[in-house]
Amino acid sequence: QKIGQVHFMYQGDRSKLSDFFLHVKPRLLEAVAPLTKNMEKRGGGVINLELRDKTELLGDYFQLHCTIETKDSMGANFINSCLERFAETFKAEAATYENFSASEKD
């Protein structure tokens, strides 16, 4: 198993961000489904995806933390492709999330 992270800054209500993550997590996994299809056939794929609050290290700093099983491959390109898709989908969904204020959508 390997890990990958999407790092981002969020200046807003942490509980709103947690609620948003629960709302968007299924969409994030759906967004990478075309990428993970073949890896899943070999017994791999996304194992876990979680939101991590890293604000104790740096103000407003959060991560999407993903655990991925790449089976026999090193998986660097696969992991990067998944992370890029997570980031794109997360940003697009945040821009339309009705519970975020205008400043929280940026």
Problem set entry | Solvent-accessible surface (1.4 angstrom probe) belonging to M9, in square angstrom, nearest 10 | 110 Å²
Exercise. What aspartates and glutamates could a cross-link reach from K37, if we take a straight Cα to Cα line under 13 Å and drop same-chain neighbours fewer than 8 places away?
Worked result: E69
Problem set entry | V24 - accessible surface, heavy atoms, 1.4 Å probe, Å² rounded to 10 | 0 Å²
For this session: Could you name the aspartates and glutamates whose alpha carbon sits less than 18 Å from that of K91, not counting residues in the same chain fewer than 8 places away?
Result: D13, D19, E30, E50, D53, D60, E104, D106
Exercise. Which sequence of T96, T36 reflects their accessible areas, 1.4 Å probe, from the largest down?
Worked result: T96, T36
For this session: Answer with a single label: of (1) 62; (2) 43; (3) 50, which was calculated as percent of Cα pairs over 19 Å apart from the structure in view?
Result: (2)
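Based on the Cβ-Cβ distance of S18 and D72, what FRET efficiency does E = 1/(1 + (r/R0)^6) give at R0 = 35 Å, to the nearest 0.05?
0.45
Express in nm, to one decimal, how much length is gained between K25 and H7 on full extension, taking 0.36 nm for each residue of separation and deducting their alpha carbon distance.
On the way: separation 18, 0.36 × 18 = 6.48 nm, distance 1.58 nm.
Here the segment from K25 to H7 would lengthen by 4.9 nm.
When only C-alpha pairs under 8 Å and at least 6 residues apart count, what is the relative contact order of the chain, in percent?
For the chain, the relative contact order is 40 percent.
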For this session: Could you work out which residue, out of T89, T67, T55, moves most in a Gaussian network model of the chain, that is, has the largest mean-square fluctuation with Cα springs under 10 Å?
Result: T55
Exercise. Among F20, Q63, V46, which residue has its Cα positioned farthest towards the positive end of the charge dipole of the chain, with +1 placed on the Cβ of Lys and Arg, -1 on the Cβ of Asp and Glu, and the dipole taken about the Cα centre?
Worked result: V46
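The values are calculated or read from the model by the stated rules, or taken from the named source; none is laboratory data. Bear in mind the structure is a predicted one, so any value in this text is a computation, not a measurement. Methodologically, a virtual Cβ is constructed for each residue, glycine included, from the backbone with ideal geometry; neighbour enumeration extends over all protein chains shown. With ligands, DNA and RNA removed, areas are computed over all heavy atoms of the protein, side chains included. Shrake-Rupley method; radii C 1.70, N 1.55, O 1.52, S 1.80 Å.
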